[in-house]
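The values are calculated or read from the model by the stated rules, or taken from the named source; none is laboratory data. No experiment lies behind these values; they were computed from the predicted model shown. Cβ: placed from backbone, ideal geometry, glycine included. Neighbour counts: every protein chain shown. Only protein heavy atoms, including side chains, enter the accessible area calculation; ligands, DNA and RNA are left aside. Shrake-Rupley method; radii C 1.70, N 1.55, O 1.52, S 1.80 Å.
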Amino acid sequence: MRALARTFIDDQSLLAEVLAEVVRTGEGEQALELHRRTVELARRARSGDEDAAVELAELVGSLDLDEAEVLVRSLTRWFQLANLAEDNERIRRIRARELRETPTPRPGSLRDAVQLLVRDGTSRDELAALLAHAEVRLELGR
């Protein structure tokens, strides 16, 4: 029986739980509550809730240096984990597209480039020599 595939929401939930446990264990329940309150107010403020924006500014302004540092660390971890969930989702979408479009390679992929070279008359030996000296670099696009 095949296991159900994870989704973006699954990843977000799992990573939020892990972050909560890390913050709770490392900094305490109060730090976790500060993180959660800050995120909630920021989301509301971003949606246009001016009261939330004022409350967020007051909350952040009331923090001492140690509290601010704890908050910054938790938010940094949170953003890193959100990026990880987004990266996983991007990989899932690429894999799904490749499965749908097989055997056609994804435009811009290494496989696509090799097929174009072969189509343009590059011999097997020329291609092997080219790939033996090629540098492949990751380029993050939109």
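Numbers below:
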{"quantity": "Matching option when the condition is assigned to a helix (DSSP H, G or I), open to solvent by 100 Å² or more (accessible area, probe 1.4 Å), more than 19 Å from SER13 (Cα to Cα) and polar (S, T, N, Q), among GLN80, GLN115, GLN30", "calculated": "GLN30"}
{"quantity": "Contacts under 7 angstrom Cβ, first residue in the stretch 40-63 being outside any helix (DSSP H, G or I), partner at pLDDT 95 or above, 6 or more apart", "calculated": "LEU63/LEU71"}
{"quantity": "Subset of the stretch 120-134 (residues that are exposed (fewer than 10 other Cβ atoms within 10 Å of the Cβ) and over 15 Å from LEU110 (Cα atoms))", "calculated": "ASP120, GLY121, ARG124, ASP125"}
{"quantity": "Near pairs, Cβ below 9 angstrom, 6+ apart or cross-chain, from the stretch 99-112 (open to solvent by less than 100 Å² (accessible area, probe 1.4 Å)) to any residue that is among the polar types (S, T, N, Q) and in a loop (DSSP other than H, G, I, E, B)", "calculated": "ASP112/THR104"}
